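Accompanying notes for the structure given below.
The values are calculated or read from the model by the stated rules, or taken from the named source; none is laboratory data. Computed from a predicted model, the values in this text were never measured in an experiment. Here the Cβ is made from the backbone with ideal geometry for all residues, glycine too, and neighbour counts use every protein chain on show.
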Amino acid sequence: MSATSMMLRQPVPEELPLRGRVGMFTLIGAESAVFTIFVVAYIFYIGKSLSGPTPQDVLNAPIFFSVCLLSSSLTIHLAGKALRHRNVATFSRWWFATIALGAIFLYGTAREWQRLIYHEGLTISTNLFGTTYFSLVGLHAFHVIVGLLCLTFVFVFSVLGYVEPKHEYQVELLSLYWHFVDSVWIVVFTVVYIVGR
Amino acid sequence: MSSNSISWSNDIVEPRPVVDLLHEWVTTVDHKRLGLLYIAFALTFLVVGGIEATVMRLQLIRPHNNLVSPQVFNRLFTMHGTTMIFFVVMPILFGFGNYLIPLMIGSRDMAFPRLNAFSFWVMAFGGLLLYFSLVGANGLYGAGNAPDVGWFAYAPLTSQTFSPGHSTDFWTLAILVSGFGSIGTAINILATILCMRCPGMSLGRMPLFAWLYLVTAGLVVLAISPLTAAQIMLLVDRYLGGHFFDTQAGGSAVIWMHFFWVFGHPEVYVLVLPAFAFASEIIPVFSRKPIFGYSVMVAATVAIGFISMSVWAHHMFTVGMGAGANTFFVLSTMAIAVPTGIKIFNWLGTMWGGSIEFRTPMLFCIAFLFQFLIAGLTGIMQACAPFDWQLGSSYFVVAHFHYVIVGAILFCTFAALYYWFPKMTGRMYNERLGRLHFWLFLIGFHLTFDFMHIPGLLGMPRRIYTYEPGRGWDIWNLIVTVGVFFQAAAILVLLVNLLWSFWRGTRAGNDPWDAWTLEWSVSSPPPPYNFSSIPAILSRRPLWDLKHPGDPDWRYEGTP
């Protein structure tokens, strides 16, 4: 009954893409679509708020924290490279650096939100700017948190000695996601702190 | 049979406790079982959504009827639309995709089996959440309350001011969670088709079914995600006091329409492409010819996928978008008719000169061709913005999109149900009952939806719960409602046929249709691991090659 017996000629085997990679790329595609809608809403509502505070009044570009987040893309790349060279200790160090940089970025967001909410009186329900700002930046921060949780899991595993060079593929998938989170920030930063201000 | 194959139906050995069986179905990650769960779930909701439609038509059977109150009527059309789109058509299409894609491309399961199970259960949860609103929504005066904002839930109807209580929250949450399920399934289908094909199954040799699902899944990823984003915004508005769609605070109600239809129009193609997939498998088999113009079909599919992302605002001509935007969306909408027309010609080309067998699946497919043509033509009519200004939000629109969703998608789904029933159950359906279903449904469909165009042209708006006599709408509404009874009877015949054949039908064997794709090479129903050894293929019709070793397709096909 097996279907192999039906052929005498055998086909040339084809190199198929890895399913984890395809899955992660399509997930990134879906997430990009979600972000696109939030970015469109943000741009559409620039300058449409009926009351203050406006972005010009209260927003300062978080240059340092953005540099932290963007450099975490470099560190996670170096971590993956170390694992490919079978150097688990170096991997752990770069991996920790990635988590630390991501956490610093989150701290920056938290500080900014605290200032906006308690000192500038801008909340999600204050005006259109508040609504769009907190949801767009919040959506991104949510993705950073999810990414950090996943990274921390891997870091705990590596501290406990479970991460081996054979896990290079899984680590690569996670770093794809992290690169996505970082590159979305470039868009969000441009829209919120440059175009919108 | 190889010795290591596990027996699929061990009820012959000893009957298993019901709890065990149930537990197996709940915890399963097998793509075939999940496919069947999707289909069963969808058929259940088809009956529920059908009952809602029937009650609405009974209310409209004559002027000044008092069967339901205006409030209940609003809930009925909201629940009918939401149910049919999100909890009938989407799940049944995912069900067939789940069941058939791994079998057709020679794989043992989907790429991510657990994600598959998660997606199904999340979607099922979404459906139950929507209907839990009937008892849990705590509407006005504390009564249970179904959502009543229409299936596209235009702002500002959905704001706390106009929609107090929780009925709208149930609507938005149900769609949000079922959207997660849809995105999960779409990712799964993409990864399965791209990564799990058997040796020799190049993209150019895949069954068209797989190609159409590939494009569908891509559209789901790009279309459902905006809907998810819009639902999150709606939740922010309703729970956190946001102003996305709050016109009082400078927000825009029109941007909700844009966000909704950015999802909504690709969604039409998400629903119809799998129907095309069914037709593209069934028509060749019952015409005894390979599909005509395979590569053109693929190209047309991909073209539809791309163009469908740029036509959404033809749902919004009556909003007043300005001449530039109107012109763009008129032209893009007209453009999408071209690849769709190519497909119809290719199906006709497949039938041309074939020796057609008029079995039930083929009957449904032939009816689909005619009806889809008419649906497309009324679509082109409304693609003209000035024409749409006259008929927007009239019964003409209702007739048009039901012509697509019932006349094309549901007909193809029925065809698929009959065509793959022998594979899924191992039993043949009853042909006589199948034909009865077809003719009853055909008559009912045309009574209802042909005559629905006319009151629309005469100016009857949609979503009204009653109307005055003497406007010339009475007789048409009566005919439309009479058609519903035929359709309901036909669905009853279908359910009787499915249940009766499941237990009493004759054994179907592996390949009752003398078909050509890989799913017919395994036993019916297929064993848990599908293929005891992974097949290797050389052409688009591997079973033809197997059955005709002297004249195999790969000699002529020249596929990579």
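Residues in the stretch A:59-80 that are of a type in the set (S, T, N, Q) and more than 19 Å from A:VAL195 (Cβ to Cβ): A:SER71, A:SER72, A:SER73, A:THR75. Based on this model, can you work out whether B:ASN98 counts as within 14 Å of another protein chain (Cβ to nearest Cβ), crowded, with 19+ Cβ neighbours inside 10 Å, closer than 30 Å to B:LEU543 by Cα and touching a residue at least 60 places away in the same chain (Cβ under 8 Å)? When the stated conditions are applied, B:ASN98 does not pass them.
The set of residues in the stretch B:424-480 that are of a type in the set (S, T, N, Q) and in a helix (DSSP H, G or I) comprises B:THR425, B:THR448, B:ASN477. For A:LEU128, the criteria (1) surrounded by 15 or more Cβ atoms within 10 Å (Cβ to Cβ); (2) more than 14 Å from chain B (Cβ to nearest Cβ) hold in every case but one, which is (2). Taken together, the residues in the stretch B:173-192 that are surrounded by 24 or more Cβ atoms within 10 Å (Cβ to Cβ) and over 20 Å from the mean Cα position of the chain (by Cα) amount to 2. Checking every residue in the stretch A:55-67 against the condition of being buried (at least 16 other Cβ atoms within 10 Å of the Cβ) and more than 23 Å from A:THR190 (Cα to Cα) gives zero matches. Given the condition out of contact with any helix residue (DSSP H, G or I) (no Cβ under 7 Å at 6 or more places or on another chain), within 26 Å of B:THR413 (Cα to Cα), of a type in the set (D, E, K, R) and within 14 Å of chain A (Cβ to nearest Cβ), answer yes or no: does some residue in the stretch B:503-521 qualify? Scanning the stretch B:503-521, I find no residue that is out of contact with any helix residue (DSSP H, G or I) (no Cβ under 7 Å at 6 or more places or on another chain), within 26 Å of B:THR413 (Cα to Cα), of a type in the set (D, E, K, R) and within 14 Å of chain A (Cβ to nearest Cβ), so the answer is no. The residues of the stretch B:300-314 that are crowded, with 20+ Cβ neighbours inside 10 Å and in contact (Cβ under 8 Å) with a residue 60 or more places away in the chain, listed by number, are B:THR301, B:ILE304, B:GLY305, B:SER308, B:HIS314.
Under the condition of being closer than 27 Å to B:ALA230 by Cβ, of a type outside the set (Gly, Ala, Ser) and in contact with a Ser or Thr (Cβ under 7 Å, 6 or more places away or on another chain), the residues counted in the stretch A:135-177 number 1. B:THR27 passes every criterion in (1) more than 14 Å from the chain's Cα centre (by Cα); (2) closer than 22 Å to B:GLU519 by Cβ; (3) of a type in the set (Ser, Thr, Tyr) apart from (2). The listed residues are B:GLY379, B:GLY407, and the only one of them that is within 19 Å of the chain's Cα centre (by Cα), closer than 30 Å to B:TRP513 by Cα and buried (at least 20 other Cβ atoms within 10 Å of the Cβ) turns out to be B:GLY407.
For B:GLY324, the conditions (1) closer than 27 Å to B:ALA217 by Cβ; (2) assigned to a helix (DSSP H, G or I) all hold with the exception of (1).
Test A:ALA82 against the stated conditions and say whether it is surrounded by fewer than 15 Cβ atoms within 10 Å (Cβ to Cβ) and aliphatic (A, V, I, L, M).
So A:ALA82 does not fit the description; no.
No other residue among B:THR333, B:THR318, B:THR327 is under 24 Å from the mean Cα position of the chain (by Cα) and not acidic (Asp, Glu) apart from B:THR333. Among the residues of the stretch A:19-51, those that are within 7 Å of chain B (Cβ to nearest Cβ) and more than 30 Å from A:GLU172 (Cα to Cα) comprise A:ALA41, A:PHE44, A:LYS48, A:SER49, A:LEU50.
Against the test of being under 26 Å from B:MET84 (Cα atoms), modelled with pLDDT of 95 or more and in a helix (DSSP H, G or I), the options B:PHE286, B:PHE263 yield a single qualifying residue, B:PHE263. Across the stretch B:342-366, the number of residues qualifying as under 16 Å from B:PHE292 (Cα atoms) and either at pLDDT below 95 or not in a helix (DSSP H, G or I) (or both) comes to 5. Looking across B:PHE387, B:PHE370, B:PHE364, one residue alone is surrounded by fewer than 21 Cβ atoms within 10 Å (Cβ to Cβ), under 19 Å from the mean Cα position of the chain (by Cα) and either within 16 Å of B:SER280 (Cβ to Cβ) or without any contact (Cβ under 8 Å) to a residue 12 or more places away in the chain (or both). It is B:PHE370.
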